[in-house]
1. Can you give me the number of residues within the stretch 83-103 that are surrounded by fewer than 23 Cβ atoms within 10 Å (Cβ to Cβ), touching a strand residue (DSSP E or B) at 6+ places or on another chain (Cβ under 9 Å) and assigned to a helix (DSSP H, G or I)?
2. Can you name the condition, by its number, that TYR48 falls short on among (1) part of a helix (DSSP H, G or I); (2) at pLDDT below 95; (3) open to solvent by less than 40 Å² (accessible area, probe 1.4 Å)?
3. Being within 22 Å of ASN37 (Cα to Cα) and modelled with pLDDT under 95 narrows it down to one residue among PRO160, PRO70; which is it?
4. Taking the condition of being among the hydrophobic types (A, V, I, L, M, F, W, C), at pLDDT 95 or above and under 17 Å from LEU50 (Cβ atoms), how many residues in the stretch 99-115 meet it?
5. Suppose we filter the stretch 51-78 for residues that are assigned to a helix (DSSP H, G or I) and either open to solvent by less than 20 Å² (accessible area, probe 1.4 Å) or hydroxyl-bearing (Ser, Thr, Tyr) (or both); how many remain?
6. Could you grab me the full set of residues in the stretch 113-156 that are open to solvent by less than 70 Å² (accessible area, probe 1.4 Å), over 19 Å from GLN59 (Cα atoms) and either in a loop (DSSP other than H, G, I, E, B) or not acidic (Asp, Glu) (or both)?
7. Mind listing whichever residues of the stretch 22-45 are over 21 Å from TYR113 (Cβ atoms) and surrounded by 18 or more Cβ atoms within 10 Å (Cβ to Cβ)?
Amino acid sequence: MFDLLKFNNVNLDPLTETYNMSFYTQYLAKWPEYCFNVTAAQGRPMGYILGKAEGLGEQWHGHVTAVTVPPEYRRLGVAAQLMDMLERVSEWDHGYFVDLFVRESNTLAIGMYKKLGYSIFRQVIGYYSGEEDAFDMRKALSRDPDQKSCVPLNPLAVYPDELD
């Protein structure tokens, strides 16, 4: 909980979705095994990831709610390390896949996720405050060897109220 108070420098980035304190504490209380942070030697936060488990049956999966690395620690593999941690927990929790939403304009993040094995499952029209679209990206885990959970939807575009 006290780590939350150290994240101000991380959350100042314009590409970072910020939430209120009760949102973060809800995640820490409900899904503590899906929440991680990485700290530099001097104790400065290098990034964090918040996630959760959701879905039923073959839709049971890990979901990345937020992964954030401040500019001074980008391109060092911190985000990949955080994603790996969440993927391992999702695997342990018998998930079929991991998914996340990313701004369509955030080409650097999309490229990174693709390098980590994620693919675009669908486009969500107006996901970010009704102003910007998101890509729902997924990565199959070992429980889904045929990667059925990652086959793109047809049609590819949906609206936020159509999300399951």
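1. Adding up the residues that qualify gives 4.
2. Here TYR48 clears every test but (1).
3. None of the others qualify; the one that does is PRO70.
4. Result for the stretch 99-115: 3.
5. 2
6. The answer is TYR113, LEU116, ILE125, GLY126, TYR128, GLY130, ALA134.
7. TYR24, PRO45
The values are calculated or read from the model by the stated rules, or taken from the named source; none is laboratory data. These numbers were taken from a predicted model, which means no experiment stands behind them. Heads up, the Cβs are rebuilt from the backbone with ideal geometry, glycines too, and the neighbour counts pull from every protein chain shown. Accessible surface areas use protein heavy atoms only, side chains included; no ligands, DNA or RNA. Shrake-Rupley method; radii C 1.70, N 1.55, O 1.52, S 1.80 Å.
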